[in-house]
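Visitor: Before I ask anything, here is the structure I am working with.
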Amino acid sequence: MKRALVFLYGSISYLIFFGTILYAIGFTGNIIVPKAIDSGAVGSLAVALAINAGLLTLFAVQHSGMARRGFKGFITKYIPEPAERSTYVLLSSLCLLALFVFWRPMGGIVWDISNSTGRIVMYSLFAFGWVLVFVATFLINHFDLFGLRQVWLFVRGKEYTPLVFKTPTLYKYVRHPLYVGFFFAFWFTPTMTIAHLVFAIACTGYIFVATQLEEKDMVAAHGEIYNKYKEQVPMFVPKVTTEAKLQEALS
C-alpha cells in the first residue's frame, strides 16, 4: 500500500507540474490563459512591484533551498526518500501557480513591435525557447528530473540508481541548454511591458545564481569529470566542441 501511495503521489505531483508548465507558456506569452503576465487592471506601481518581487523571491528561495543536499537530508526524515523529488516538484509548481494568480501588471511599454514579420519572428523565438526547455529535459532524463522515475522504481521494489554523467547532443555545446531555452522564452516577446521586463530580469538573475549552486552540486556528485566538462563546454553561449576532443578531456 505504501509503495502504491508514493507512486500515486508522484504521479499527481508530475501532472500538476505538467499543467503548471503549460500554463507558464501562456502566462509569459500572453496567450490563451485567463491570467497572463500583463492581464488585469494596472494599479500602484510600488504595490505591484512589491507583490511581484515577493512572489519571485518565494519561488527562488523554495526552488534553490529545497534543491540543496542539506534540505534533502532533512525532509527525507519525514517522507519516503523516493517521494523527495516529487515533493520538490509539487512545491515548485504551487509556488509558480501562486505567482500566476497573484501577479500584478505594471503598465508601461518598453518596446512594441507592430510589424507582422517582426512579431512572427519574436513569437517563433519564444516558441523555440520553450521547445528547447522540453528537449533539454528529455536529453538528460525528463522523468528522473521530475520525480516519476524515483516513484516508479519504488513501486516496483527496485533500488534507485543516480543518473550517470553524460553529455548528449546539446550538452556537448552548452552546459545548460535548458536555461538557454528559458532566456529565449522570457526575453523574446513582440511587446515588452514593465511587468514582463521585471519578470525577465529577475528570472535571468536567478538563473545565474542558481546555476552556480547547481554546478557545485554537480562537482560534488561527479567530481573531477565535471570540472573537466566545465573547461571544455561553456555555460550558456554555445561553442562547437568536437566529440573526440570532449571525450579526450573527460577521459
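Visitor: Could you grab me the full set of residues in the range 153-197 that are at pLDDT below 95, closer than 22 Å to residue 133 by Cα and in contact with a Leu (Cβ under 7 Å, 6 or more places away or on another chain)?
Guide: Answer for the range 153-197, where residues must be at pLDDT below 95, closer than 22 Å to residue 133 by Cα and in contact with a Leu (Cβ under 7 Å, 6 or more places away or on another chain): 167, 168, 169, 170, 171, 172.
Visitor: Pairs needed: first member in the range 140-152, farther than 11 Å from residue 14 by Cβ and in a helix (DSSP H, G or I); second member anywhere, among the acidic types (Asp, Glu) and at pLDDT below 95; C-beta distance under 7 Å; at least 6 residues apart or different chains.
Guide: Pairs found: none.
Visitor: Taking the condition free of Cβ contacts under 8 Å to residues at least 12 places away in the same chain and within 19 Å of the chain's Cα centre (by Cα), does residue 73 pass?
Guide: Considered against the rule, which asks whether it is free of Cβ contacts under 8 Å to residues at least 12 places away in the same chain and within 19 Å of the chain's Cα centre (by Cα), residue 73 comes out as no.
Visitor: Further question on the same structure: Check whether at least one residue in the range 111-132 is exposed (fewer than 14 other Cβ atoms within 10 Å of the Cβ), farther than 23 Å from residue 59 by Cβ and charged (D, E, K, R), and report yes or no.
Guide: So far as the range 111-132 goes, yes, one or more of its residues are exposed (fewer than 14 other Cβ atoms within 10 Å of the Cβ), farther than 23 Å from residue 59 by Cβ and charged (D, E, K, R).
Visitor: So which of 93, 116 is under 21 Å from residue 192 (Cβ atoms) and either more than 14 Å from the chain's Cα centre (by Cα) or touching a residue at least 40 places away in the same chain (Cβ under 8 Å) (or both)?
Guide: 116
Visitor: Inside the range 105-125, can you point out the residues that are at pLDDT below 95 and within 30 Å of residue 13 (Cα to Cα)?
Guide: 105
Visitor: Would you pick out the residues in the range 154-165 that are touching a residue at least 24 places away in the same chain (Cβ under 8 Å), assigned to a loop (DSSP other than H, G, I, E, B) and surrounded by 11 or more Cβ atoms within 10 Å (Cβ to Cβ)?
Guide: Passing the criteria: 160, 165.
Visitor: Tell me, which residue of the range 52-70 that is touching a Phe, Trp or Tyr at 6+ places or on another chain (Cβ under 7 Å) and in a helix (DSSP H, G or I) is surrounded by the fewest Cβ atoms within 10 Å (Cβ to Cβ)?
Guide: 65
Visitor: Continuing with this model, one more query. Mind checking whether some residue in the range 51-68 is more than 27 Å from residue 7 (Cα to Cα), touching a residue at least 60 places away in the same chain (Cβ under 8 Å) and touching a Pro at 6+ places or on another chain (Cβ under 8 Å)?
Guide: Scanning the range 51-68, I find no residue that is more than 27 Å from residue 7 (Cα to Cα), touching a residue at least 60 places away in the same chain (Cβ under 8 Å) and touching a Pro at 6+ places or on another chain (Cβ under 8 Å), so the answer is no.
Visitor: Among the candidates 184, 188, 208, 199, which residue alone is surrounded by fewer than 17 Cβ atoms within 10 Å (Cβ to Cβ) and among the aromatic types (Phe, Trp, Tyr)?
Guide: Exactly one of 184, 188, 208, 199 is surrounded by fewer than 17 Cβ atoms within 10 Å (Cβ to Cβ) and among the aromatic types (Phe, Trp, Tyr), namely 208.
Visitor: Checking the structure you have, find out if any residue of the range 34-51 is loosely packed, with under 12 Cβ neighbours inside 10 Å, touching a helix residue (DSSP H, G or I) at 6+ places or on another chain (Cβ under 8 Å) and not in a loop (DSSP other than H, G, I, E, B).
Guide: Scanning the range 34-51 turns up no residue that is loosely packed, with under 12 Cβ neighbours inside 10 Å, touching a helix residue (DSSP H, G or I) at 6+ places or on another chain (Cβ under 8 Å) and not in a loop (DSSP other than H, G, I, E, B).
Visitor: I need every pair where a residue in the range 19-32 that is in a loop (DSSP other than H, G, I, E, B) has its Cβ under 6 Å from the Cβ of a residue that is buried (at least 16 other Cβ atoms within 10 Å of the Cβ), sequence separation at least 6 or different chains.
Guide: Correct list of pairs: 30/36; 30/38; 32/26.
The values are calculated or read from the model by the stated rules, or taken from the named source; none is laboratory data. Here the structure is a predicted model, which is why all the values come from computation and not from measurement. Neighbour counts are summed over all protein chains in view; Cβ atoms, including those assigned to glycine, are modelled from backbone coordinates with ideal geometry.
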